[in-house]
Amino acid sequence: MVARAVRGATIQKRPMKADIETESVSEASVDAELSARERILDAARKAFSQNGYFGTSIRQISNLCGLKQPSIYHHFDSKENLFRNALHSSHKEMMDFILSRTGSGDNLAEDVIQVFHAFMDFHRDRRGALHLLGNLIYSAPDNLRDEYAETYAPEMTGAIERVFRRWDPENKQEELKICINHTLTAYLIELSVRDRGREEESLTQALRCVHYILRIDPTGHSAPKND
């Protein structure tokens, strides 16, 4: 679902994972190298999430991280590859966060609602990470958007897939799952572009849709069926 939302007209076959830069450094300088790399990535995430891909320069990232531009190019050979790595690290952090906070509900409804709340909690705790996704969708080059759609985006709605594998192993409620995945996709895209302070409104609207789809009351319990 998210993949369809972010994918452009042409899918690039080069996978993102193969393009993630790795450094070969001496054992004595590992800590310093990792520290510099993380500083660059953190600055890149902030700059790209605030200014978009085309509105961000390597000079701006250099100023934010306190490292000279040649040092940035030592770790990442281009602005495109730096964006790719910043997006990859944010995505991995997000999915680790989501997995650690979902899947403990007592029924299908509780597990589904946990997923929506977990994405909101991540958005609050890691300010700017989902805005990076928004800038990927609306301002990054098509090849980067397509790479993300093909390689990583399915993991986001995969959180709902895991819920249904737990409670519906025979896939008898596939239509229900599809509807909830569409709702999650719309919710994530809205969070990624929403102005600060209006996130609760997005969550409320999304959960209203989920409550309707699952026919549950706001507490998460199944609504009684009409006789």
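Derivation of every value follows stated rules applied to the coordinates shown; laboratory data play no part. Everything quoted here is computed from the prediction, not taken from an experiment. When we count neighbours, we look across all protein chains shown, and the Cβ atoms used for this are built from the backbone with ideal geometry, even at glycine.
In order along the stretch 145-153, the Karplus-derived 3J(HN,Hα) couplings, from 6.51 cos²θ - 1.76 cosθ + 1.60 at θ = phi - 60°, round to 5, 5, 4, 5, 4, 7, 9, 10, 4 Hz, and Gly and Pro are given as x. Residue order for S78, S192, fewest other beta carbons within 10 angstrom first, comes to S78, S192. Placing a pseudo-label 7 Å from each Cα along the Cα-to-Cβ vector at D106 and N143 gives an inter-label distance of 5.3 nm. Oblate is the label for the stretch 97-179. Its Cα gyration tensor axes, ordered a ≥ b ≥ c, give a/c of at least 1.5 and b/c at or above a/b. Among the lysines of the stretch 34-178, pairs that are 8 or more positions apart or on different chains and have alpha carbons within less than 22 Å of each other number 5.
Computing FRET efficiency as 1/(1 + (r/R0)^6) for D168 and D96, where r is the C-beta to C-beta distance and R0 is 22 Å, gives about 0.30. Note on D121 and R215: the model spin-label points, each 7 Å out from Cα along the C-beta direction, lie 3.0 nm apart.
For the stretch 170-177, putting each phi into the Karplus relation 6.51 cos²θ - 1.76 cosθ + 1.60 with θ = phi - 60° gives couplings of 8, 6, 7, 10, 4, 4, 4, 4 Hz, in residue order, rounded to whole numbers and with x for Gly and Pro.
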